[in-house]
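Take a look at the structure set out below.
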Amino acid sequence: MKNQKSERTCRKCGACCKNLLIEIFESDLVLSPSLRPFANAKHKFPEDTERIYSLPSPCPMLNKKGQCDIYLTRPGVCRGFTPNSRQCRMARQMSDKRRKYVEI
Ligand code: SF4
Ligand code: SF4
């Protein structure tokens with residue numbers, strides 16, 4: 001049986017920050033004002049209490065070492081992201097495909 005903890009360990013590959021659409025809230029911008037210049041306002045649906053923004057991809061907060069420059073105050077969606085989830089695996093596959101494409 002595989003170790004469940006190791007399955008959930010983040011590989012720190014940065015694929016999620018490079019490949020996925022990151023949607024954040026106004027409260028995330030209050031916590032991390034450095035994100036504001038990059039945040040594109042999206043439509044606010046009546047059921048949403050806060051305006052939604054999207055970040056460019058790759059995320060501008062991902063530094064050259066593959067680390068998050070605002071790790072301690074990163075948006076809630078980033079805090080809640082689960083390593084080895086379906087989205088994580090999808091992001092890693094996208095990075096693999098991009099790498100293979102560049103190698104060809
Ligand atoms: S894609 Fe998955 S393994 Fe890679 S950094 Fe993101 S959460 Fe971690
Ligand atoms: S804010 Fe940090 S953790 Fe979130 S997508 Fe950007 S680089 Fe990744």
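Every number here is computed from the coordinates shown, using simple stated rules; none is lab data. These numbers come from a predicted model, not from an experiment. Note that each Cβ is placed from the backbone with ideal geometry, even for glycine, and that neighbours are counted across all protein chains shown.
Structure data summary
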read-out	value
Inter-probe distance in nm under a simple model that places probes 7 Å from Cα toward Cβ, at Y71 and R89	2.7
Estimated FRET transfer efficiency when R0 is 41 angstrom, pair S27-K100 (beta carbons, to 0.05)	0.60
Sequence-distant residues sharing a close amide H with I52 (under 5 Å, placed H)	K42
Mean separation of Cα contacts under 8 Å (6+ apart) over length of the chain, as relative contact order %	37
Exposure proxy ranking, count of Cβ atoms within 10 Å, fewest first, for V30, V77	V30, V77
The stretch 14-103 - charge dipole about Cα centre, Lys and Arg +1 at Cβ, Asp and Glu -1, debye rounded to 20	540
Kirkwood Rh, Cα atoms: Rg over Rh of the stretch 23-97	0.98
Stretchable slack from L62 to F38, in nm (0.36 nm times residue separation minus alpha-carbon distance)	7.4 nm
